[in-house]
Amino acid sequence: MSDVRHVLVLPDRDAAEEVAEELADRFGVTEEPQLVRDALAGEDDAEDAQWLVVVEDPAGRLDPGALDEFAAEYEGWLEKP
């Protein structure tokens, strides 16, 4: 089975940091999620940047539906692969 990577899209850095911390508690994620600033295409204003939380899921055990619902609590979503 190939490694699975989930990408959660969040509206701002604060939400992304909260999600990253909560992932360990709620989903038992052991690897530190990676936070990535994703400036929207053509936008120079940092305020318009979204933040991505990249979660490595080598065992493929995380439920994408549950991750999407979790991200929605922070006004975000799970990026579809």
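The values are calculated or read from the model by the stated rules, or taken from the named source; none is laboratory data. Since this is a predicted model, take the numbers as computed values, not measurements. All Cβ positions, glycine included, derive from the backbone under ideal geometry; neighbour counts span all protein chains shown.
Taking region 13-27 as the range and being more than 12 Å from Glu73 (Cβ to Cβ) and surrounded by fewer than 17 Cβ atoms within 10 Å (Cβ to Cβ) as the test, the residues that pass are Arg13, Asp14, Glu17, Glu21, Ala24, Asp25. Can we say Glu47 is within 20 Å of Glu17 (Cβ to Cβ) and modelled with pLDDT of 90 or more? So Glu47 fails the test. Against the numbered list (1) in contact with a strand residue (DSSP E or B) (Cβ under 6 Å, 6 or more places away or on another chain); (2) modelled with pLDDT under 95, Ala41 comes up short only at (1). Applying a threshold of 6 Å to beta carbon distances and a minimum spacing of six or more residues, or different chains, the list of pairs starting in region 25-43 at a residue that is closer than 16 Å to Leu10 by Cβ and outside any loop (DSSP other than H, G, I, E, B) and ending at one that is at pLDDT below 90 and among the basic types (Lys, Arg) is empty.
Ala16 meets each of the listed conditions (1) closer than 15 Å to Phe70 by Cβ; (2) among the small types (Gly, Ala, Ser); (3) at pLDDT below 90 apart from (3).
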